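Okay, so here's the structure we're looking at.
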Amino acid sequence: MYPFLISSAIAVAVWCGLYFGDVLGYGWSTFVAVLSFIGSQFAIGMHFQKKVKAAMGEVQSIMTAGQKRLQAKVQRWQMNPPGSVQAAQAEMMRDTKVFVKDAIAATEGMRKYEGWVPMMKRQIATAQLQLHWMVKEFDKVDKLMPLALIFDPQMASIKMARMQMKDEPVEEIRKVYDKAVRRLRYNQNVLPAALFSWILVKRGDADGAFKVLTEALKNSDDPVLKQNHEHLMNNRAKNFSNTNLGDKWFSLMLEEPKISRPRQRMQWR
């Protein structure tokens, strides 16, 4: 909004100065005014895009630093296992909430650009949705979902996972899936396809899941999709599993990774 108004004002001023100042005729004055409008729009856009990029870099720095602290704690636990796996998981979640809260606060600082950068409000909503999702604040996720930009397979998968949590109709989930995979490049469809086929299996539609994977494998050679496709082809739906996708799968919050305490070595005297 603001860039358009400023650029329009500049263009009008340029036109008036050139035409009424008898510098150029009507046509050339209009041409130069249009160029000044485009040029000022571009300059203002570039200026604020740099500011937004720097702000997003700050958010990413907060997340990276927080994740490094978590990794260091996990490494210490590998050397000296905690007494309770559940207590360790709870502590990890508390630590995650601390740096996620800081990251959300940093995104709030980007609201000053809402009038300067197109769709800034929706970009902020998308970033905050992903942050709230990390700490399972699903009520806040639901509020942000209508504003968020579903622009990549990860965001589409988050939306589908939330719809599954809320037991929404499978046909509504299918619409999100179909839109998400419509123009993806090779192997970019892995997470949405793995998720949607898992949802169908959970809802008792193994044949539908098989069809989804059959179609998905035309644009992917992912081993997890291939293995699940084989299980369904041989009527082994109980063996269907996406756990080999690792963190990508568990980040959708539909299954918890199995954590086993390391065995303590016997020390011989």
* Asked: Out of curiosity, is ARG111 of a type in the set (Lys, Arg), in contact with a Lys or Arg (Cβ under 9 Å, 6 or more places away or on another chain) and on the phi < 0 side of the Ramachandran plot?
  -> yes
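Looking only at helices (runs of 4 or more DSSP H) that fall completely inside region 119-169, which ones have 1 or more residues that are among the small types (Gly, Ala, Ser)? Show your work before the answer.
On the way: elements: 120-134, 138-144, 153-165.
Qualifying helices (runs of 4 or more DSSP H): 120-134, 153-165.
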* Given the conditions (1) at pLDDT below 95; (2) under 30 Å from GLY208 (Cβ atoms), and given that LYS73 satisfies all but one, which numbered condition is not satisfied? -> (2)
* Asked: Is it true that some residue in region 42-49 is crowded, with 17+ Cβ neighbours inside 10 Å, among the aliphatic types (A, V, I, L, M) and out of contact with any strand residue (DSSP E or B) (no Cβ under 9 Å at 6 or more places or on another chain)?
  -> yes
* Filtered residue count, region 222-244, keeping only those that are modelled with pLDDT under 95 and closer than 19 Å to LEU184 by Cα -> 0
* To do: Just need a number here: residues in region 19-40 that are buried (at least 18 other Cβ atoms within 10 Å of the Cβ) and either more than 30 Å from VAL117 (Cα to Cα) or of a type in the set (S, T, N, Q) (or both).
  => 4
* Considering region 94-118 alone, what residues qualify as being over 21 Å from GLU137 (Cα atoms), touching a residue at least 24 places away in the same chain (Cβ under 8 Å), in a helix (DSSP H, G or I) and under 20 Å from the mean Cα position of the chain (by Cα)? -> MET110
* Asked: Mind checking which pairs have a first residue in region 60-85 that is free of Cβ contacts under 8 Å to residues at least 24 places away in the same chain and a second that is assigned to a helix (DSSP H, G or I) and of a type in the set (D, E, K, R), Cβ under 9 Å, 6 or more apart or different chains?
  -> LYS73/GLU91; LYS73/ASP95; PRO82/GLU91
* Structure fact -> Of the residues in region 151-174, those that are surrounded by 13 or more Cβ atoms within 10 Å (Cβ to Cβ), under 23 Å from LYS211 (Cβ atoms) and out of contact with any Leu (no Cβ under 6 Å at 6 or more places or on another chain) come to ALA156, LYS159, MET163, GLN164, GLU168, VAL170, ILE173, ARG174
* **VAL190, sole failed condition from (1) closer than 28 Å to ALA127 by Cβ; (2) among the β-branched types (Val, Ile, Thr); (3) surrounded by fewer than 20 Cβ atoms within 10 Å (Cβ to Cβ)** => (3)
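The values are calculated or read from the model by the stated rules, or taken from the named source; none is laboratory data. Remember, predicted model here, so these are calculated numbers, not experimental data. Note: ideal-geometry Cβ built from the backbone for every residue, glycine included; neighbour counts use all protein chains shown.
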